[in-house]
Amino acid sequence: MTIPNLISILRLFLVPVTIWLISTEKTVWAFFAFVLAGVSDAVDGFLARQFDMGSALGAYLDPLADKALLVSIYVTFAVLNEIPVWLPILVVSRDFLIIGGVLLAWMLGVPVTMRPRIISKANTLAQITLAALVLGDLAFPGDLSALRSFMVYLVGALTLASAVVYAIDWLRHMGADHGPGARNEAK
């Protein structure tokens with residue numbers, strides 16, 4: 001077990017803690033738990049790259065911890081009426097679309113190699129920014145409602161655009177000639 005993997009596992013444990021803090025209106029603590037999760041994400045990535053501590057397990061744990069945190073926060077915000085319900089539905093649907101496409105391609109014998117796209121990176125950054133913005137707005141005095149509204153629509157647009165890009169990539173991959181024996185199709 002590498003240090004970056006342990007950090008990712010600890011980040012997974014921060015998910016229920018952060019959601020509990022939000023749900024019990026301990027928003028300052030929730031904000032700092034979210035910041036801690038972000039810092040831990042940067043630290044585990046740095047350690048994995050700089051000290052050659054990357055692993056196959058880490059390739060799954062790191063994005064799992066990130067998605068678990070963001071999806072949980074978005075659903076919690078929707079339940080608390082801090083963001084529109086359609087946004088977490090869109091975010092979760094995009095993730096299921098990607099996971100489902102990868103699994104289907106694998107089951108059909110033409111596995112897809114996932115490459116992060118620039119639109120996907122922009123989408124993740126916008127999602128993190130919106131989560132931090134809402135938490136910060138709840139935790140500290142001020143009115144960020146106009147910026148929050150803008151970010152909700154930006155996240156929605158980027159999430160939709162990212163889903164379309166991944167769907168197009170998947171369709172191209174599935175339509176490509178993968179050579180003899182590449183597909184395990186039943187006759």
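No value in this document is a laboratory result; all are computed from the given coordinates. Fair warning: this is a prediction, and the values are worked out from it, not measured in the lab. So basically every Cβ, Gly included, is an ideal-geometry build from the backbone, and we count neighbours across all protein chains shown.
So the values come out like this:
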item	result
Formal net charge of residues neighbouring residue 166 (Cβ-Cβ distance under 15 Å; K, R +1; D, E -1)	+4
Cβ-derived FRET efficiency at R0 41 Å, residue 173 paired with residue 12, nearest 0.05	0.85
Enclosed volume per residue, in Å³, of the convex hull spanned by Cα atoms of the range 3-175	117 Å³
Sorted peptide list for 135-145, 19-29, 57-67, criterion being average Cβ within 10 angstrom, highest first	57-67, 19-29, 135-145
Exposure proxy order (Cβ contacts within 10 Å, fewest to most) of 9, 73	9, 73
Tilt relative to the chain, helix 56-79 - C-alpha long axis, 0 to 90 degrees, to 10	50 degrees
